[in-house]
1. Magnitude of the Cβ-charge dipole of segment 76-350, K/R +1 and D/E -1, about the Cα centre, nearest 20 debye?
2. Could you tell me the calculated FRET efficiency between Q70 and K351, based on Cβ-Cβ distance and R0 = 25 angstrom, to the nearest 0.05?
3. Give the dimensionless ratio obtained when the Cα radius of gyration of segment 247-363 is divided by 2.2 N^0.38 Å.
4. Treating the beta-carbon of each Lys and Arg as +1 and of each Asp and Glu as -1, no other charges, what is the dipole magnitude of segment 162-265 about its Cα centre, to the nearest 20 debye?
5. Sketch the reach of a paramagnetic label on R319 as a point 7 Å from Cα along Cα-to-Cβ, and name the residues of segment 236-274 whose backbone nitrogen lies under 19 Å away.
6. Send over a whole-number figure in Å² for the accessible area per residue of segment 76-350, probe 1.4 Å.
7. Taking 2.2 N^0.38 Å as the expected size of a compact globular protein, what ratio does the Cα radius of gyration of segment 76-350 give against it, to two decimals?
8. As an exercise, take the mean of 1/r over every pair of distinct alpha carbons in segment 170-216, invert it, and state the Kirkwood radius in angstroms.
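The values are calculated or read from the model by the stated rules, or taken from the named source; none is laboratory data. These numbers come from a predicted model, not from an experiment. No Cβ is skipped: glycine too gets one built from the backbone with ideal geometry, and neighbour counts run over all protein chains shown. Accessible surface areas use protein heavy atoms only, side chains included; no ligands, DNA or RNA. Shrake-Rupley method; radii C 1.70, N 1.55, O 1.52, S 1.80 Å.
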Amino acid sequence: MWMLMPVAFAGKLLSAFRKPLSSLWGSVVPWFFWLRSALWLARGKGTQPPLQRGRGELQESRGEEEGADQPTTPTSVNYHFTRQCNYKCGFCFHTAKTSFVLPLAEAKRGLRLLQEAGMEKINFSGGEPFIHDRGEYLGKLVRFCKEELGLPSVSIVSNGSLIRERWFQNYGEYLDILAISCDSFDEQVNVLIGRGQGKKNHVENLQKLRAWCREYRVAFKINSVINRFNVDEDMREQIKALNPVRWKVFQCLLIEGENSGDDALREAQQFVISDEEFEGFLDRHKEVSCLVPESNQKMKDSYLILDEYMRFLNCQNGRKDPSKSILDVGVEEAIKFSGFDEKMFLKRGGKYVWSKADLKLDW
């Protein structure tokens, strides 16, 4: 009986204070929520507190955070393994500053690192890639990439002047695409640009290479840089006759230290055309179904470029700033400094049907 007395007393005491406490709580709660909202408004500049966001918003936010940590995949890589060239194109933006070429074993090691990081397509370029070891070095890399690495696509960009039929006989089966640079079908214009080489006719050589590509089952592609000397040319008939799988049409681009500036080996300012002039050229050739246009805006940051030391080249600031070599720090670390714009890469059609097995060409 005596144990119930404190309980009864406590009940009477709580009953006595219930009404004042209820009144106090009723006045404090609105102030509490007002203060909480004011703090969130001040801190987040009008955004809702995280707990008031919908589930979809939270998932999207988490996805953005996770995406920011994802490494860039080197799906398509352009490897300029040499800067040496037998032509002197006035607008060239990868000029012969050095004669260095990696030992074959080191180049293969780097290509394997790229394949392990997700590379599906490799494009060999220069300089002129057939100039080193008469194309044998290049041929061995092409065969390695297709036969040992199993890459879906192996391609080359060349001026075509040093390619011999024997190369196709030895290595043609391992090559998916051969792109030949041809800026004009007027030989005098080619000479003005810097593609002239004595008695050799650049346009006639192009026809011969087209026939070899057909015979040895290599997809044929043409690259053209539109500049001051060819911007008014009509190339429709010649391109249709050659019937390439793609006709890449670039706008002449200035890169500081390469074809522009005090320390550059070329001065390309005289070749530059306006955006309107470039659009005029494209409009004149719009009926050519294989045309793939690339303005300066599309081109500048949408290529993964490796130099002769296997360093990624960042062109975001209008020059080529190198990363550390993938041979020293790996692909994932080096690619962070590439300046690569993957969205622009996809927007410009950088990923396409690039394996000759999938092209289903009528040879």
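1. Dipole size: approximately 760 debye.
2. The computed FRET efficiency comes out at 0.90.
3. The value comes to 1.25.
4. Values: 15 positive and 16 negative charges, 129 e Å.
Approximately 620 debye in magnitude.
5. Hits in segment 236-274 for R319 at 19 Å: 253-269.
6. In whole numbers, segment 76-350 has 44 Å² accessible per residue.
7. Normalised Rg, Cα atoms only: 0.95.
8. Evaluated on segment 170-216, it is 11.9 Å.
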